[in-house]
Amino acid sequence: MTKEKNDNPILVTGAAGAVGGIGRNLTEFLLARGHKVRAFVRREDARAEALRQLGAEVLQGDLTDLASMHRAIEGCRRIYFGMSVSAAYLEATINTATVARHHGVEAFVNMSQMTVTQMSISETTNSPQHKLHWLAEQALSWSGLPVVTVRPTVFLEGFFLMLAAPGVRASSELALPMGGGKTSPISAVDVAAILDDPIPHIGQIYDLTGPESADLEHYARVFSEALGRPISYRDVPLPAWSEGLRKMGFPEHVVSHLSTMTELNRQGRYDRMTDTVAKLTGEAPTNMRDFVKRHAAEFKQRGPAHS
């Protein structure tokens, strides 16, 4: 990379987002590699300040606002576009893409979802978010922008840290409505690693998975080994789980999306394997055991053991 390009910050949207954690992980990765990063956040809070402490230039704004995106994109040559699950996802994508095209960016990395691989002009899923991702990919393909599309399965940091950790802490259970379906979750850190230099990948679509596809019974055994205590898998009823998400304050759009993902998992739709991460980075993606050990403190037992 030339000195001139190093002087241009890389824009990372959704940099403080919680679900999946890809924006925060990408920001940290790029900073460690010596890049300047402009971290775009929705609100000024402790997560934004943490990004600032890492060395990022933090900019607060709204992805659906034109003025915000002009401020965010001006002076940037590369954009990583990611956004939490939201009913405004398509508007935000097209708003950002329109301003990016105006400013003539050299790379636009779009974080999509693996499920889009199985969708078409006549087939979608019950998740409104999945349809928004599919439509966003269509619009970006028409845009003339230098796009790289990344389609991960599910993030370890999402389902297995944010959504599963409370049950592991309280009752030593992976309590999820995933049935006997297999999945191959991927770490946000591994996704970040392939985005260091996006230029050679322009025009490509990458389906990304972790190193193995297995059911939740298997992952419960991996948790047990990594944490040194018995962890079991409990297949909970979907309606009760969805209601639990609502009580936690998740918007209905998000509840619908996460509920659809668990149902698709039950049907085997996430039983996918690719070697793309290893091909692009030269290293195997993070496995579940290493991930759990890395985050052991967040899975530490806090309540009485489940009998």
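The values are calculated or read from the model by the stated rules, or taken from the named source; none is laboratory data. Quick caveat, the model's predicted, so the values are computed rather than measured. Note that each Cβ is placed from the backbone with ideal geometry, even for glycine, and that neighbours are counted across all protein chains shown. Please note that ligands, DNA and RNA were not included when accessible areas were found on the heavy atoms of the full protein model with its side chains. Shrake-Rupley method; radii C 1.70, N 1.55, O 1.52, S 1.80 Å.
Remarks
- Test for LEU132: is it part of a helix (DSSP H, G or I), within 30 Å of ASP275 (Cβ to Cβ), at pLDDT below 90 and open to solvent by 20 Å² or more (accessible area, probe 1.4 Å): no
- For segment 135-178, the set of residues classified as part of a helix (DSSP H, G or I), within 21 Å of ASP190 (Cβ to Cβ) and touching an Asp or Glu at 6+ places or on another chain (Cβ under 7 Å) consists of LEU161, ALA165, listed by residue number.
- Which listed residue, of GLU106, GLU123, is farther than 24 Å from PRO198 by Cα and of a type in the set (D, E, K, R): GLU123
- Condition check for MET248: open to solvent by 60 Å² or more (accessible area, probe 1.4 Å), of a type outside the set (Gly, Ala, Ser) and within 19 Å of MET114 (Cα to Cα): no
- Only one entry in SER143, SER122 is free of Cβ contacts under 8 Å to residues at least 40 places away in the same chain and over 19 Å from the mean Cα position of the chain (by Cα), namely SER122.
- Failed item in (1) crowded, with 20+ Cβ neighbours inside 10 Å; (2) at pLDDT 95 or above, with MET114 passing the rest: (2)
- Qualifying positions in segment 25-41 - closer than 16 Å to PHE81 by Cα, at pLDDT 90 or above and hydrophobic (A, V, I, L, M, F, W, C): LEU30, VAL37, ALA39, PHE40, VAL41
- Given (1) modelled with pLDDT of 95 or more; (2) among the aliphatic types (A, V, I, L, M); (3) farther than 23 Å from ALA188 by Cα, number of the condition MET1 does not satisfy: (1)
- Complete set of residues in segment 200-216 that are buried (at least 18 other Cβ atoms within 10 Å of the Cβ) and among the β-branched types (Val, Ile, Thr): THR209
- PRO185 meets the conditions (1) without any contact (Cβ under 8 Å) to a residue 40 or more places away in the chain; (2) crowded, with 22+ Cβ neighbours inside 10 Å; (3) not hydroxyl-bearing (Ser, Thr, Tyr) in every case but one. The failed one is (1).
- Taking the listed residues GLY14, GLY75, the one that is open to solvent by 10 Å² or more (accessible area, probe 1.4 Å) and in contact with a Pro (Cβ under 7 Å, 6 or more places away or on another chain) is GLY75, with no other qualifying.
- When LYS293 is tested against (1) part of a helix (DSSP H, G or I); (2) at pLDDT below 95; (3) of a type in the set (Lys, Arg), just one condition goes unmet, and that condition is (2).
- One residue stands out in segment 135-157 among those that are over 12 Å from ILE94 (Cα atoms) and of a type outside the set (Val, Ile, Thr): the one that is surrounded by the fewest Cβ atoms within 10 Å (Cβ to Cβ), namely GLY144.
- Of all the numbered requirements in (1) open to solvent by 20 Å² or more (accessible area, probe 1.4 Å); (2) out of contact with any strand residue (DSSP E or B) (no Cβ under 7 Å at 6 or more places or on another chain), SER127 misses one, and that requirement is (1).
- Matching residues in segment 165-177 - criterion: being open to solvent by less than 30 Å² (accessible area, probe 1.4 Å) and within 15 Å of ALA226 (Cα to Cα): ALA165, VAL168, SER172, GLU173, LEU174
- Qualifying residue in segment 80-89 (condition: at pLDDT 95 or above and either touching an Asp or Glu at 6+ places or on another chain (Cβ under 8 Å) or of a type in the set (A, V, I, L, M) (or both)): no
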